[in-house]
Amino acid sequence: MKHLLVDISAHGFGHVAQTSAVLNALDCTNIRLTIRSSAAEKMLRERIRHPFTLISYQQDAGMLMHDALRVDIAASMRWYADFHANYAARKAQAACELAQLQPDLLFANVPYLSLDAAGEIGIPAIALCSLNWADVFHTYCGGLPGAAQIREEILHAYTQAECFLQPTPSMDMHPAIRTQPIAPIAAQGKRNPAGLRQQSGLPDHTRFVLVALGGLGMEYPLENWPRIPGVCWIFPDVALTQARADFLPASLFALPYVDLLASCDAVITKTGYGTQTEAVVNQVPTLCITRPGWPEEPNLPDWHAQHGELTLIDWKTLQTGGFTHQIRALLEMPWRKPLVFPTGAQQAAERLLNRITSP
């Protein structure tokens, strides 16, 4: 059997969402999967339908965050400066670990250290992501002392990939990276709003809004959250620090995340590939909090507005609870856009299969 090693960043839900969709589209009849990530095992096994060996492994930090919306620039720079202070030794160690695993192909979304190590010892590698850490790091830290050399080392690592698959919509990337655009990647859920009402014991007229801002230290302004008759809000369990009849924990529903999303009448999220593309593919109207300065803006919101039903607000508006009108409008808005078919996963899977089975 061929051995496919998959490295997944744990910085955000989108990396797991993109990678799992590709792996699920891959014919693994003669492929053994090993996944290295510090993402939660429960999420990985829920998302990835093939058997795999999991190695808990962290080789990137993405950007350190104050919360799901704000980058901690100073802490991020300290992390990268420390990580790259002995980068040659880290790469040598990563190459040793890679050699021990003996993969036929490395697939990365989108840590750069193992890509660099793969280039060092001649293991073929393919990257995939809607962003890369070289350009994200440069956006926030590029003007700081020592940042230029760090960025060059990260860029060099990404150039070791035979190709960098860019699912639509992706951020603009440095021309040194060998990018290849592909179609969107997103999971398609099973829509069952009646099931939500049945599991929650709520009336047939109840509408459900999923609140999915990410779990990186977010403090949800529950004290200001609007009350809308007939509307229930589904939150991550950890966010519910207040009890209210219209606040429901996500764990109440025995559903995979994408089925829960597809069954809701609207979703509140932030700029980010995973939830936004899945909202479009599953035709869920979206209230999206903007992230000024984040490199996926404006590409991702522009694409979302073109292919889905999208309303943008800022974080301050959400904090004050002043978004009742926007939610009401989304709940009453007919879906006016044609279906988007997320064929990028199949395209990426074909590329992986052709490469791993080639002589």
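The table below gives the values:
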| read-out | value |
| --- | --- |
| Complete set of residues in the range 129-154 that are hydrophobic (A, V, I, L, M, F, W, C), more than 19 Å from the chain's Cα centre (by Cα) and closer than 22 Å to E297 by Cβ | C141, L144, A147, I154 |
| Output for the range 249-273, where each listed residue is surrounded by 18 or more Cβ atoms within 10 Å (Cβ to Cβ) and part of a loop (DSSP other than H, G, I, E, B) | F253, L255, C264, D265, T271, G272 |
| L144 vs. criteria of a type in the set (A, V, I, L, M), surrounded by 15 or more Cβ atoms within 10 Å (Cβ to Cβ), closer than 20 Å to Q59 by Cα and touching a helix residue (DSSP H, G or I) at 6+ places or on another chain (Cβ under 6 Å) | no |
| Residue that is part of a strand (DSSP E or B), aliphatic (A, V, I, L, M) and buried (at least 21 other Cβ atoms within 10 Å of the Cβ), where the choices are L5, L23 | L5 |
| Filter pass, T286 being surrounded by 14 or more Cβ atoms within 10 Å (Cβ to Cβ), in contact (Cβ under 8 Å) with a residue 40 or more places away in the chain and of a type in the set (S, T, Y) | yes |
| Options D314, D302; residue that is exposed (fewer than 14 other Cβ atoms within 10 Å of the Cβ), in contact (Cβ under 8 Å) with a residue 40 or more places away in the chain and in contact with a Pro (Cβ under 9 Å, 6 or more places away or on another chain) | D302 |
| Some residue of the range 12-23 being farther than 20 Å from G62 by Cα, in contact with a His (Cβ under 8 Å, 6 or more places away or on another chain) and not small (G, A, S) | yes |
| Meets criteria (crowded, with 16+ Cβ neighbours inside 10 Å and modelled with pLDDT of 95 or more) for L64 | no |
| Selected residue (criterion: surrounded by the most Cβ atoms within 10 Å (Cβ to Cβ)) from residues of the range 212-248 that are β-branched (V, I, T) and under 15 Å from I327 (Cβ atoms) | I234 |
| Residue ranges of helices (runs of 4 or more DSSP H) in the range 284-359 with at least 1 members within 23 Å of Q166 (Cα to Cα) and polar (S, T, N, Q) | 299-307, 344-357 |
| Single unsatisfied condition, Q276 versus (1) under 23 Å from H205 (Cα atoms); (2) not charged (D, E, K, R); (3) not in a strand (DSSP E or B) | (1) |
| Exclusive hit being closer than 25 Å to T290 by Cβ and either of a type in the set (S, T, N, Q) or out of contact with any Leu (no Cβ under 9 Å at 6 or more places or on another chain) (or both), set G142, G201, G146, G214 | G142 |
| Residue match in the range 100-110 (condition: of a type in the set (A, V, I, L, M, F, W, C) and surrounded by fewer than 19 Cβ atoms within 10 Å (Cβ to Cβ)) | yes |
| Helices (runs of 4 or more DSSP H) fully within the range 39-111 counting 2 or more residues that are closer than 27 Å to L213 by Cα and touching a Cys at 6+ places or on another chain (Cβ under 9 Å) | 73-85 |
| Pairs, first closer than 12 Å to D265 by Cβ in the range 194-206, second among the small types (G, A, S) and modelled with pLDDT of 95 or more, C-beta under 7 Å, six or more apart | L196/S263; H205/G230; T206/G230 |
| Failed criterion for C232 (all others in (1) touching a residue at least 40 places away in the same chain (Cβ under 8 Å); (2) in contact with a Leu (Cβ under 7 Å, 6 or more places away or on another chain) hold) | (1) |
| Cβ-Cβ under 7 Å pairs, at least 6 apart or on other chains, the range 45-72 side more than 22 Å from T269 (Cβ to Cβ), far side at pLDDT below 90 and not in a loop (DSSP other than H, G, I, E, B) | none |
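The values are calculated or read from the model by the stated rules, or taken from the named source; none is laboratory data. A quick note: this is a predicted structure, and the numbers were derived from the prediction, not measured. Every residue, glycine as well, gets a Cβ built from its backbone with ideal geometry; the counts of neighbours run over all protein chains shown.
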